[in-house]
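Since every read-out is calculated from the coordinates, none of them should be taken as a lab result. Since the structure is predicted, the reported quantities are computational estimates derived from the model, not experimental observations. Here Cβ is always computed from backbone atoms with ideal geometry, including for glycine, and neighbour counts include all displayed protein chains.
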Amino acid sequence: MTDTDDLIQAYRRHLLSAGRGIGTVRQRVFAIRALAATYPDLRAVTTDDLEAYLALRRRTHAAETRKGMRSSFRSFFAWTTRSGRTTEDPALALEPIYVPMQVGRIAPDALVKEALVLATLPEKAMILLGRYAALRLAEITTLHTSQRQGSSLRILGKGERERTVPINDELMLILRRLEAQVGEGYYFPGRYGSHMHPQAVNKIITRRVGMNPHSLRHAALTAAFRGTRDIRAVQKLAGHASLLTTQRYLHVDPDEVRAAANATAFGLPDLLDATPLERVTFEHQKASSG
C-alpha cells in the first residue's frame, strides 16, 4: 500500500469516527482518490493544482458536482493540516463554486394516474412512495416493513438524518396490500435476500411513468406546498437540511405568476384616468385572468 493509500484510508477512518453518513464518506473518498489519480503525492498538492483540476472539469462536470469536489478537498486538506500531515491547507483559498438555481422536471399527475392503471402492486407502491411520500430513489429501494410504525414511515435519509413521514390513506392501502404479499422484510426484495438494486427500481418507475423517480419527488413536494403553503412542513417531509434546498423543488406555474402580478395592483382604474372604453377592457381582462 502506498503512502497515498494510507493517507486516504486514514481520512476515511476519520470521517467514519466523526459520524459522517456512509454516502458522504463514499463521495468524499471517491473525490480524493480521483484527485490522487492526477496528483499522486497528495501532500504536495497546491492551491494552483486544485484550481487547475476544477477548471479543467468545468466543461465535463456539472457545477453541483464540482461544488461537491471542492467540499471534499476542503474537508480532506483541513484534516491533513489539523493532524499535522501537511503544513499548509491548499484548499483554504479555493473560491466558492456558483451553482445556478435549477428546478428539476415534475411528473404530471395525468402521467402518474395513467401509469397506476397498468402497474402491478409493487410498481404502484414504488410510484406512490415517490409521489405521495416524496421518498428518494434509495429510500424507496431500501424500505423495510419494520420502518412502518403505524401510520408513519421512519426514514433514514441523506447524511443519516432521520425523519418521520406520515402515510396518507391511499398509500396506506397499497402498503398493507404489499405487506400481505411479501410478509416481513423489504417491500421490494431482491434475488439474494436483500432489496432490489436502485437502478432496477429506477428503470421500473421510468418505464411506467415515462419520467424518473426524482420527478415524482418534485411533484410530491410541489403538491404539498400548494396544499399547505407551509414551506417548513414541506422541508420536514422532504428531509432537507436547508430551506434553500426545499425551494429548489417547488414548481411555480404561469397562473401562479400571473396571480402574483395581479396581487400587486390596487384595482383602482379611476386613479389612472381611464376612459370608458379602457374601463370595459380593464374589467374584461380582470375577469379573464381570474
Treating every alpha carbon of the stretch 3-82 as one equal point scatterer without solvent, the Debye formula yields log10 I(q)/I(0) values at q = 0.17, 0.26 Å⁻¹ of -0.64, -1.42
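Can you pull out the chymotrypsin sites (Phe, Trp or Tyr not before Pro) in the stretch 55-106 that DSSP calls coil and that have at most 15 other Cβ atoms within 10 Å? Don't skip to the answer; put the middle values down first.
Details: sites: PHE73, PHE76, PHE77, TRP79, TYR98; in loops: TYR98.
Passing sites in the stretch 55-106 are TYR98.
Any chance you could count the Lys pairs in the chain whose alpha carbons are under 22 Å apart, treating pairs 8 or more apart or on different chains as valid?
Numbers: LYS67/LYS158; LYS113/LYS124; LYS113/LYS203; LYS124/LYS203; LYS158/LYS203; LYS158/LYS236.
Taking the Cα cut-off of 22 Å, the pair count is 6.
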If Lys and Arg each add +1 and Asp and Glu each add -1, what is the summed charge of the other residues whose beta carbon sits under 11 Å from the beta carbon of ARG26? +4
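If N is the number of residues in the chain, what value comes out of its Cα radius of gyration divided by 2.2 N^0.38 Å? Kindly include the intermediate steps, with their values, before the conclusion.
On the way: Rg = 25.1 Å, N = 290, 2.2 N^0.38 = 19.0 Å.
With N residues counted in the chain, Rg over 2.2 N^0.38 Å equals 1.32.
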Listed by chain and number, the residues whose amide H is under 5 Å from that of SER152, excluding neighbours fewer than 5 places away on the same chain and using placed H, are ILE167
Can you pull out the trypsin sites (Lys or Arg not before Pro) in the stretch 169-206 that DSSP calls coil and that have at most 14 other Cβ atoms within 10 Å? ARG191
